[in-house]
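Working notes for the structure below.
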Amino acid sequence: MQKYVCDVCGYVYDPVEGDEANGIAPNTAFEDLPEDWVCPLCGVDKSNFSAE
């Protein structure tokens, strides 16, 4: 699974780790994140992420 980087703050979403603090289980692909998921550091939506 591919990592994605926030274009605004540089946060890296790693699907192997997920985002457990925000209810996203490990091994959740970026494409499978809920539409309302936002960057945990700066709050922008998924459209502001690029594949690493």
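The values are calculated or read from the model by the stated rules, or taken from the named source; none is laboratory data. Values in this document were obtained by computation on a predicted structure and should not be read as measured data. Every residue, glycine as well, gets a Cβ built from its backbone with ideal geometry; the counts of neighbours run over all protein chains shown. In case anyone asks, the SASA skips ligands and DNA or RNA and just uses the protein heavy atoms, side chains included. Shrake-Rupley method; radii C 1.70, N 1.55, O 1.52, S 1.80 Å.
Listed values, structure above:
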read-out: Residue list for segment 18-31, filter: surrounded by fewer than 16 Cβ atoms within 10 Å (Cβ to Cβ) and under 10 Å from the mean Cα position of the chain (by Cα); value: ALA29, GLU31
read-out: Residues within segment 43-52 that are open to solvent by 70 Å² or more (accessible area, probe 1.4 Å) and either in contact (Cβ under 8 Å) with a residue 24 or more places away in the chain or in a loop (DSSP other than H, G, I, E, B) (or both), tallied; value: 1
read-out: Tabulated pairs, segment 1-27, first farther than 12 Å from TRP37 by Cα and basic (Lys, Arg), second part of a loop (DSSP other than H, G, I, E, B) and open to solvent by 90 Å² or more (accessible area, probe 1.4 Å), C-beta under 7 angstrom, 6+ apart or interchain; value: LYS3/GLU52
read-out: Filter result for the condition that a residue is in contact with a strand residue (DSSP E or B) (Cβ under 9 Å, 6 or more places away or on another chain), in a loop (DSSP other than H, G, I, E, B) and open to solvent by less than 50 Å² (accessible area, probe 1.4 Å), over PRO34, PRO15, PRO40; value: PRO15
